[in-house]
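Below is one structure, written out as structure tokens, with a few remarks after it.
Read the figures in this text as sums done on the coordinates, not as results from a lab. Here the structure is a predicted model, which is why all the values come from computation and not from measurement. Virtual Cβ from ideal backbone geometry, glycine too; neighbours counted across all protein chains shown.
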């Protein structure tokens with residue numbers, strides 16, 4: 001292994017050597033490559049393209065590439081670096097000389113400037129570094145105690161700073177110092193005017209608002225026109241923009257925003273401020289009053305309607321002799337689980353006895369003693385109708401109950417009877433779903449199709 005030349009490494013660059021191992025006495029196997037780190041200068045790193053190469057016998061060769069990487073912090077000079085190859089207990093080494101060259105530079109400034117408002121809120125800005133090989137910037141200072149800055153990140157071509165101007169900082173230009181004066185840049189402090197006559201915007205948390213704000217162009221104390229206006233705020237959900245004096249402020253506080261007052265500012269001088277002049281780029285200020293979010297609306301009620309019946313069925317002829325009713329439920333506001341049906345009041349329970357009683361109707365949580373709304377069979381085609389639309393059907397059923405009771409209808413076992421009431425109430429429903437129920441049995445419920453005198457006749 002040997003290096004035929006001396007490579008020259010520059011900051012922020014790399015150079016590569018080819019490292020070749022040769023088999024001389026029939027050796028076969030893997031050769032492990034390494035670099036003695038004792039001779040490696042500070043600020044220089046390295047890597048092999050492969051850390052092992054394979055020799056297949058006498059005359060065979062294998063190559064890996066050794067790459068060095070430079071940085072601005074490395075010292076200048078020439079350094080003999082030892083590359084070691086090992087195959088089992090056999091070891092050979094070669095010297096690879098490396099020269100480092102550090103460009104001399106004098107950074108007097110970092111290009112760019114920042115406009116920072118005296119609100120006490122940090123502004124993060126990225127500036128270009130024009131020198132070829134600058135140092136890594138670690139500190140940033142200001143002669144004004146009301147203005148502070150810090151280095152967020154530093155690279156060979158840029159540096160990102162966080163600059164804060166306190167509420168007592170006067171408008172004007174400040175010179176910030178990087179690494180104790182190795183480089184400087186300018187920051188412009190702009191006033192945030194006290195209310196500035198701008199309106200207070202009130203909005204509940206979770207809702208949005210957009211307000212047009214008219215800001216006098218006299219707020220901009222520089223030569224030339226006021227440019228595109230921007231809206232800034234520590235709260236990220238206040239934004240907006242506009243041209244000259246007409247600015248649209250958009251607020252969109254998340255539902256979790258605590259109630260309170262949140263400041264916003266409007267800058268009419270964005271893009272036209274001259275950092276070399278001691279003028280103020282005046283900003284108008286205002287507030288957004290966030291109110292507590294309104295409670296969520298209650299969920300819509302869900303209602304069901306079932307057509308049920310009970311009685312004695314005759315399988316031979318399919319006759320069902322019994323009683324039918326409607327079972328209505330509502331899930332919310334108020335909760336309802338009622339039977340709506342007809343029944344006989346007064347008179348004899350034996351249909352062959354006289355005088356007859358009166359046919360009445362009601363809406364009752366329990367129904368008649370023999371009703372079992374949780375177990376009686378259903379005549380609905382696919383089970384009870386379910387949906388918010390069914391809730392609107394309760395009122396027509398209640399109106400039907402009132403009309404039946406006002407008619408004073410004589411009760412008859414063969415009709416008019418409770419089954420007649422069920423059929424009439426079904427006819428009053430504003431449904432276009434057909435058919436949604438099935439007539440029980442072959443002959444059906446006795447009296448089901450009998451009309452109600454005084455109501456239908």
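Taken along the Cα-to-beta-carbon direction at a fixed 7 Å, the label points for residue 16 and residue 152 span 3.6 nm.
If the segment from residue 302 to residue 200 were pulled out straight at 0.36 nm per residue, it would be longer than the present Cα-Cα gap by 32.5 nm. Extending 7 Å from Cα along the Cβ direction at residue 167 and again at residue 382 yields two label points whose distance is 6.6 nm. Students often get this wrong: which residues of the range 35-68 have the backbone nitrogen under 13 Å from the point 7 angstrom along Cα-to-C-beta of residue 84? In the range 35-68, the label zone of residue 84 (backbone N under 13 Å from the point 7 Å along Cα→Cβ) covers 35-39. Is any residue of the range 160-184 close enough, with backbone N under 13 Å, to a label point placed 7 angstrom from the Cα of residue 124 along the Cα-Cβ axis, and if so, which? Inside the label zone: 160-163.
Stretching the chain fully between residue 239 and residue 375 yields a gain of 42.8 nm (0.36 nm per residue, less the alpha carbon separation). One decimal place: the segment residue 65-residue 364 gains 98.4 nm when fully extended, by the rule 0.36 nm per residue minus the C-alpha distance.
Label positions at residue 54 and residue 250, each projected 7 Å from the Cα along the C-beta direction, are separated by 6.2 nm. With the cut-off at under 11 Å, measuring from each backbone N in the range 63-86 to a point 7 Å along the Cα-to-Cβ line of residue 34 picks out 84-86.
Looking at the square roots a ≥ b ≥ c of the eigenvalues of the Cα gyration tensor of the range 7-100, which shape do they give, rounded for a/c under 1.5, prolate if a/b is larger than b/c, or oblate?
prolate
Estimated from the Cβ-Cβ distance and a Förster radius of 25 angstrom, the FRET efficiency linking residue 45 and residue 25 is about 0.10.
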